[in-house]
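K.L.:
To start, I am sharing the structure in question, which I have written as structure tokens.
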Amino acid sequence: MRKSKLQAANLEGNADEVEAAFYDALQNADIEKLMACWADEDEIVCIHPGGPRVVGPVAIRATFEAMFANGSIRAWPERVRKVESLASCVHNLLERVEVLTPQGPREAWVIATNIWHKTAQGWRLVAHHASPGTPSEIQEVSDTPSVLH
């Protein structure tokens with residue numbers, strides 16, 4: 001598989017910036033930009049909502065190409081929670097997804113985890129795990145108070 005020139009040219013910066021490029025690629029059905037966000041490793045992993053574990057860049061690319069055959073994926077990351085270290089970042093987030101229904105566009109929610117490693121090319125995605133959500137915004141269970149007094 002040939003490496004995209006985007007990998008070195010446009011995806012510098014921190015994990016947040018590469019994650020923004022990943023979601024932009026989804027929204028624009030840009031397979032080259034999307035794959036440039038992934039690490040160049042055989043063991044990268046992607047799990048789509050309700051789907052199997054997809055391992056490796058060729059298999060991951062094929063799943064996204066199949067999805068893009070139906071158009072772009074209108075997904076926006078929201079409520080990101082991060083655990084960061086020098087060479088890795090774990091982002092757990094809610095994806096707000098626009099779904100086309102016979103009644104028109106509707107919103108749905110997906111729970112996702114993106115794992116980023118700092119590589120020689122910069123921050124790259126090594127795992128994307130998305131679980132089915134709900135038609136309404138998912139309420140979060142946390143020990144952090146939602147209202148400060």
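K.L.:
Calculate for the chain the 222 nm mean residue ellipticity that helices alone would give, adding -39,500 (n - 2.57) per DSSP H run of length 4 or more and normalising by residue count, nearest 500 deg cm²/dmol.
P.N.:
Computed ellipticity for the chain at 222 nm equals -6500 deg cm²/dmol.
K.L.:
Toward the positive end of the charge dipole of the chain, about the Cα centre and with charges on Cβ (Lys, Arg +1; Asp, Glu -1), which of ALA39, VAL110, ALA21 goes farthest?
P.N.:
Checked the options; the winner is ALA39.
K.L.:
Could you state how much accessible area ARG74 has, in square angstrom rounded to the nearest 10, with a 1.4 Å probe and all protein chains kept in place?
P.N.:
90
K.L.:
When the chain is modelled as a GNM with alpha-carbon springs shorter than 10 Å, which of ALA29, ALA87, ALA20 fluctuates the most?
P.N.:
Maximum fluctuation in the GNM of the chain, among the listed residues, is at ALA87.
K.L.:
Here is a further query. In Å, what Rg and Dmax follow from the Cα atoms of the chain?
P.N.:
Looking at the chain, its Cα Rg and Dmax stand at 15.7, 55 Å.
K.L.:
While we're looking at this one, here's another question. Once neighbouring chains are kept in place and the probe is 1.4 Å, which whole percent of the accessible area of the chain is contributed by carbon and sulfur? Mind showing how you got there, number by number?
P.N.:
Details: 4750 of 8790 Å².
Answer for the chain is 54 percent, counting heavy atoms of protein chains only.
The values are calculated or read from the model by the stated rules, or taken from the named source; none is laboratory data. Quick caveat, the model's predicted, so the values are computed rather than measured. Virtual Cβ from ideal backbone geometry, glycine too; neighbours counted across all protein chains shown. These accessible areas exclude ligands, DNA and RNA; they are computed on the full protein's heavy atoms, side chains included. Shrake-Rupley method; radii C 1.70, N 1.55, O 1.52, S 1.80 Å.
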